[in-house]
Each structure stands twice: as C-alpha cells, then as structure tokens.
Amino acid sequence: TGNGTGDVGGTIVPGTAPGFPPFEIKEGGELTGFDVELLEAVVAETSYELGEWKEFEFDSLIQALTSGNIDVIAAAMTITEEREQTISFTNSYYEADQSILVAKGGDFSPSSLDDLSGRPIGAQKGTTGEQVVQEELVDAGKLEPSNYKAYDNYVLAVTDLENGNVDAVVLDKPVAQTFQQERDVEIAFTYETGEAYGFGVRKDDNAVRQALNEGLQAVEENGTYEELRNKWFSE
Ligand code: GLN
C-alpha cells in the first residue's frame, strides 16, 4: 500500500455534514456512513493520516475548506462546474439523480416537475436539489420564490414533509431511498441529473488530490470499495 511517492504526507483533516443517510450519519453519537468509511479506507492507502472529523452544515463546507479549517470534504458532494470555480474534486466515487419525496400514503402523487407547480417545496441549502427547484421551477415561473423552503439539512426538510408543512422535498436519490425506508415518506418520481460525487480539496492542493485519487483506485482494485457499497446500500 501507500502511494509510492514516499516523501509526502502529513495529516488531512476531513469535514462532513451529517444527516445525509447513508453517506454521513450520527449513530449513538458516533459519525459513520459510506463517505466516512470510504475516505478512511482511501487515506489508509496513502502516505497521509486522517485527522479528526469536523462537522458543518452542508452549505458551510466549501468555506471551511478554502479557509483551511478542513483539508477534504466528504459529503456526497456533486462535482459541478460552479463549485470547480472555487475548489477541486477527486475522481468520482458515486453517481446519483434527484428524487422527489412526498408524504407516504398521502393524496399528492406528482409524476413530473410540472406537477410541483405552485406547491410548497423543500430542499437543503446549497445543494443540487435546491438548484433543481430554483432553475426548473422558480426561474421557470412555475413556483413563487416564497413557495421554496430552504433547510439547513434534509432531516429537517423530511420532518416538515411528514408534518405537511411542505408537499415535496427534492434530494439525491440514494438518500431519498434511505428516508423512504426509515421515515413516513416515499419517492414519487426521479428526475435524471446524472450527478457524480467527488471528495473536495483545495484548488492548489494537487498532492492531496493525487494521493486521494490513487487511494480511490487502490480501494476499487482491492475490493474494499465494493464491500463498503454492499454494506451501506441495499440496491
Ligand atoms: N449531492 C448534493 C450536492 O452536492 C447533495 C449533497 C448533500 O446534501 N450532502 O449538492
């Protein structure tokens, strides 16, 4: 193991935003999830050590990274051109589309974004789910800006959905599937966005990015990646 360069190294401090199951969750006060275990396995393949995890709201992670508070983001973060203006990403380690969650057994069963017109809709601040609501509904004139409810995290959004305070929540499909199993909500339909998740690193941090890419390749080759996928995803 190791990345073969030998002379680099040091501690990489990771940051995440819990409440996005099964990627990052708190279980009995402990941080775990697919991203957490994957990054730990990836870094173990490099000459770096992983520091203590730090937790943020999703919307604060990029600032935490650029300010040097953390060195890597592991938060099911989609690689987007907009984010790439500010940070860099490793190679992709997971793919996702956006699903539309509604209350389980309720009488609202939309089958297209058009069906969400004029309804109170929720998403988490700073996400690609929010971007779908903003661009496809608000900017398209199908939703009043006041009908969009922005949450600090999706756990709060799903609770509001169960309580009838919003009619739908837009979020990454694998997380929607998890909420569907654990909460009183169900997927009405999925909107294909073809997103790819990467670990976020500072733009000038080529050494860390390269080490993480080599670590990712190593865990894909040695079977750890598949083990973790099987452990955290039932599909
Ligand atoms: N993949 C989505 C994004 O990058 C959501 C990530 C999240 O909420 N942790 O915006």
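Bear in mind that the values in this text are calculations on the coordinates, not laboratory data. The structure presented is a predicted model; accordingly, all values stated were derived computationally and were not measured. Cβ sites come from the backbone with ideal geometry, for glycine too, and all protein chains shown count toward neighbours.
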Using alpha carbon positions and the Kirkwood radius, the Rg to Rh ratio of segment 54-169 is 1.00
Antiparallel bridge percentage (DSSP; both residues within the chain; nearest 5) = 65
Stretch I187-E57 to full length: gain in nm at 0.36 nm per residue minus the Cα-Cα span?
-> 44.4 nm
Take the alpha carbon atoms of the chain, find their radius of gyration, then divide it by 2.2 N^0.38 Å using N residues; give the quotient.
-> 1.04
Do any trypsin sites (Lys or Arg not before Pro) in segment 192-235 lie in a loop, going by DSSP, with at most 16 other beta-carbon atoms within 10 Å of their beta carbon, and if so which?
-> K203
Low-density loop positions, chymotrypsin sites (Phe, Trp or Tyr not before Pro), segment 87-189 - DSSP coil, at most 13 other Cβ in 10 Å = F108
Output row, site D107, 7 Å Cα→C-beta label point, backbone N cut-off 16 Å, window segment 160-179, residues 164, 167
Short version: ³J(HN,Hα) in whole Hz for each residue of segment 32-44, in order, from phi by Karplus 6.51 cos²θ - 1.76 cosθ + 1.60 (θ = phi - 60°), x for Gly and Pro, what are they?
-> 8, x, 4, 4, 5, 6, 5, 4, 4, 5, 5, 5, 4
Thinking of segment 113-235 as a set of Cα atoms, what percent of all their pairs are more than 18 Å apart?
-> 62
Sites N230 and S92, calculated FRET efficiency, Cβ-Cβ separation with R0 25 Å, nearest 0.05 = 0.85
Identify the GluC sites (Glu not before Pro) of segment 1-92 meeting these criteria: DSSP loop state and at most 14 other C-beta atoms within 10 Å of the C-beta.
-> E52, E81, E82
